[in-house]
Structure formats: structure tokens, C-alpha cells
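The values are calculated or read from the model by the stated rules, or taken from the named source; none is laboratory data. None of these values were measured; they are calculated from a predicted model. Please note: Cβ atoms are built from the backbone with ideal geometry, for glycine as well, and neighbour counts cover all protein chains shown. Calculation scope for accessible area: heavy atoms of the full protein, side chains included, ligands and nucleic acids excluded. Shrake-Rupley method; radii C 1.70, N 1.55, O 1.52, S 1.80 Å.
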Amino acid sequence: MNVVLSYGLGVDSTALLLRWLGEPGSRDFPLSELLVVTSMTGDEWPRTGALVERHILPRLREAGVRFAQVARAGRLQGEGIVILEDTDAPRRIHLRGAYKLSEEMTAAGTVPQTGGNRLCSMKFKGWVLDTYLERPAPKAARHAFGYESGEASRARRCAESMPGRLAFGFGRDEAGRARRATEYDTPHRRAEFPLIEWGWDREACERYIERVAGVPDWPKSACVYCPFALTSRAGRERSLSRYDTRPESALEALMLERRSLCLNPRGGLIAGDRLAELIAAERPEIARSFERALESMAHSVYEVKRIWLPRSGDPEKVGTVYRDLRVLETGARQRCEAMVRGMGEVDERAGRALPKREHFYVAGPAGALPKARPGFAAAWQRLDFEQLALGGELLFEPA
């Protein structure tokens, strides 16, 4: 295989793939040289998978194009990847993957972060694809990223391991991201941007999909709890519409957020704000269903310690944050909440100066696993703040 397309199932990469399949003049290679690869996070919207099965897989079968579906095998890279299917006659989309991103978020008691690099994409897509492509892709393969999550860091990694021509699925309105990707050009690898070369933006991709496949509203690829889908008003409206058609996905997202907020009141899904507040205001029936689900959900009593250390060279800004998480009890919600309330008031006298720390108990949905960085205890003791009293009141108040 000389051409590799990282197929993210969304609008951009679907339009790119459809044109390559249906218009020979849009490509300078035969389809026999094309390898399509998708890395499954395990939490993609089911409708996206259904659309791919109906409109894309038959075209891949007819053209005899090889399609590999892969996934991360576990939390550690040493556990490797799982090849869910690798065939030129695909008939099924394996959306559930193997080790799901939501399993990672549950165990960590957090949600994906919108600041900095998209670590969730790098870990569950970028690394998985790179690992898989070490096997079938030749050193001079052209690697096309047909979804928006392709980042410059991934371009750099591919440049190091797979010299050749690297094509990204950035649209016309993503010129800034394209420029950043070209910063990692090397004498052996040059970035290419087919959609930009065609002058296609997202609207053009949507129109093409509608004309060729008859689908006027091909969805953006995203996990059902993706915070990037919630960063804009339009994105929040799309997500709410999706939750209307599949309320159980809203409950999954709300449960991840609830657990995260219990352990860190700053850990909401909407750039730190709370999806629960949006759902309560816009979809009260879903909010009530979530409260009912919480009543029957196993809870845990968590002990949380957190340290904020100053940034090197700028002592007034946060550099590194360390957390020590312990699970003290697991059982019914009422029992765990009563246990926490009996522990007294929360002492929040950590102050604002860095370094600082906090220490509290909280009851929240079970699932987060104990974890502490090596050396946490020593770092905690080195801080000169007065020892905080172990708290009792729940720091998280339901929306």
C-alpha cells in the first residue's frame, strides 16, 4: 500500500474518501494502492457508524479497497493495539473498539481537556494509527489525514517514522492549522492538503456528501461526551439535538462529568463549565433521568489531595498539578454521602499563592481508581501551609 488514509468517519474525511472512490481524476494513484484506516475510541455516536455502514462500506467493497479498523488494547502502550478487522470486503463498523476512551476517563475520574494538545486523540487515535502502520505501510507511503483532529504533533511523529508525502484533511477554512503542519516538513516528507487544494470548506464537503450519498446532514465525528463539540453555541445546539435522539448518550456524558466534578470542581465538560447546567436548562427531562440514574448508581467515598506547583521561571503561574486519589468505601449513594457528612467541615484555607494544596473527602459515582504520582507524599509534606482539616461537606452541588 502506497497511500494511507486515516479515516475519522466525519464530514471532511468522508467527503475526501467519497471523491477518491468516485472520481479517478481527483487522485494520482490507483485504488489498489489505497489503505483506509480508522482508530476506534469506543464512544463514537452510533448514527455515524450506521451511516458509514450504509454508504461507505459498500463502496469500499465494490472498489476492493482495504479497510483496517484498529483500537487501543489497554491503558498502557505496552498492551499494544487490537486489529478489529482488516479486509477489502468490510461489512461492519466496530464502533465499540476494544479499550474505550470512556474507560480511561472513568478510571482517572476526569474528562477530556480542551486546553493544549488533544491528548485523548493522540493516545486513542494518533498512537494507535502510528503503531498499526509500522506493519503494512512502506517507508515512503503517503499518509492522508481525513479528519480534523490531525495535529502538527502527529505530523511530526509521522515524519520521523514514515518519510514521504503526508496529506491532511484540513478544509479551506483551516489554513492556520495547515500552516502549522508545514512547520514539520522535512527533506523526506512534505505535507499535502487535498481539501485545501480543491478549495473545499466544511460546507463544500457537506454538499458533496449530500450529492453523492444523499445524506444532507452527515455528522461531525466525535465521542458522545466530546468537550470540543461543546465549545461553541452551534456545537452545543448540535450536541443537544443528538442527545434528543439518544438520551442514553447524554447520561453517559453527565456521569463522566459528575465523577470529574466530584474530584475537581473545575472539571466540567464545557471548557470548565458544566454540561449538567446546560442540560438542566435546555433538557430538563434528561436531567431528571440522570438524577434517577444517580440514585441507583454505586458511589465511592474518595479522599482527594491536590498540589499546585508554580511554573518554572514564573512563580505566579501554575506549572504542574499533582493529585493523590484514594478510594475509602464503595456502596449505596446515601451511605457514602452520609459517611462524608459525618467527617466535619471542609477547610479551604489553602490560599492563592503558589505552591498550594487542597485536601478533602467527597462522595461521587464509583469507578475512579486510586492513583498517586511517585513522590507525591514528599512534595505534600514540603509545602509550608498549615495542614488542612479533612473535609466533610460535598464540594459538588448538583446542577
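Check Leu35, Leu60 and return the single one that is part of a helix (DSSP H, G or I) and touching a strand residue (DSSP E or B) at 6+ places or on another chain (Cβ under 8 Å).
Leu60
Kindly check whether there is at least one residue in the stretch 104-115 that is farther than 26 Å from Arg246 by Cα and open to solvent by 20 Å² or more (accessible area, probe 1.4 Å).
Looking through the stretch 104-115, at least one residue is farther than 26 Å from Arg246 by Cα and open to solvent by 20 Å² or more (accessible area, probe 1.4 Å).
Which of (1) open to solvent by 40 Å² or more (accessible area, probe 1.4 Å); (2) modelled with pLDDT of 50 or more is the odd one out, the single condition Asp185 does not satisfy?
For Asp185, the exception is condition (2).
How many residues does the stretch 17-39 contain that are in contact with a Pro (Cβ under 9 Å, 6 or more places away or on another chain) and open to solvent by 40 Å² or more (accessible area, probe 1.4 Å)?
The total comes to 4.
Considering only the stretch 34-47, state which residues are over 13 Å from Leu60 (Cα atoms) and free of Cβ contacts under 8 Å to residues at least 60 places away in the same chain.
Those that are over 13 Å from Leu60 (Cα atoms) and free of Cβ contacts under 8 Å to residues at least 60 places away in the same chain: Thr38, Met40.
Give me the residue from the stretch 1-32 that is in a loop (DSSP other than H, G, I, E, B) and of a type in the set (A, V, I, L, M, F, W, C) and, out of that set, farthest from Val212 (Cα to Cα).
Filtering first and then ranking leaves Met1.
Suppose we filter the stretch 317-334 for residues that are over 21 Å from Trp380 (Cα atoms), in contact with a helix residue (DSSP H, G or I) (Cβ under 8 Å, 6 or more places away or on another chain) and either among the hydrophobic types (A, V, I, L, M, F, W, C) or open to solvent by 40 Å² or more (accessible area, probe 1.4 Å) (or both); how many remain?
2
When you scan the stretch 207-231, how many residues do you find that are outside any loop (DSSP other than H, G, I, E, B) and touching a residue at least 60 places away in the same chain (Cβ under 8 Å)?
Residues in the stretch 207-231 being outside any loop (DSSP other than H, G, I, E, B) and touching a residue at least 60 places away in the same chain (Cβ under 8 Å): 7 in total.
Which of the residues spanning the stretch 1-49 are polar (S, T, N, Q) and either modelled with pLDDT of 90 or more or out of contact with any Phe, Trp or Tyr (no Cβ under 9 Å at 6 or more places or on another chain) (or both)?
Hits for the stretch 1-49 are Ser13, Thr14, Ser26, Ser32, Thr38, Ser39, Thr41, Thr48.
Looking at (1) of a type outside the set (Val, Ile, Thr); (2) touching a residue at least 40 places away in the same chain (Cβ under 8 Å); (3) within 21 Å of Phe124 (Cβ to Cβ), which one does Tyr302 not meet, given that it meets all the others?
(3)
Which residues, taken from the stretch 86-103, are open to solvent by less than 40 Å² (accessible area, probe 1.4 Å), more than 30 Å from His299 (Cα to Cα) and in a loop (DSSP other than H, G, I, E, B)?
Pro90, Ile93, His94
Take Ile83 and decide whether it is within 18 Å of Met40 (Cα to Cα), in contact (Cβ under 8 Å) with a residue 40 or more places away in the chain, open to solvent by less than 50 Å² (accessible area, probe 1.4 Å) and of a type in the set (A, V, I, L, M, F, W, C).
no
Exactly one condition in (1) open to solvent by less than 70 Å² (accessible area, probe 1.4 Å); (2) at pLDDT 50 or above; (3) touching a strand residue (DSSP E or B) at 6+ places or on another chain (Cβ under 7 Å) is false for Leu388; which is it?
Checking Leu388 against (1) open to solvent by less than 70 Å² (accessible area, probe 1.4 Å); (2) at pLDDT 50 or above; (3) touching a strand residue (DSSP E or B) at 6+ places or on another chain (Cβ under 7 Å), the one that fails is (2).
Please verify whether Ser239 is farther than 28 Å from Ala363 by Cα and buried (at least 21 other Cβ atoms within 10 Å of the Cβ), treating the condition exactly as stated.
For Ser239, the condition - farther than 28 Å from Ala363 by Cα and buried (at least 21 other Cβ atoms within 10 Å of the Cβ) - is met.
When you scan the stretch 377-385, do you find a residue that is at pLDDT below 50 and either more than 19 Å from Leu328 (Cβ to Cβ) or assigned to a helix (DSSP H, G or I) (or both), even just one?
Yes, the stretch 377-385 contains a residue that is at pLDDT below 50 and either more than 19 Å from Leu328 (Cβ to Cβ) or assigned to a helix (DSSP H, G or I) (or both).
For the stretch 296-316: of the residues being among the hydroxyl-bearing types (Ser, Thr, Tyr) and buried (at least 17 other Cβ atoms within 10 Å of the Cβ), which is farthest from Arg382 (Cα to Cα)?
Ser300
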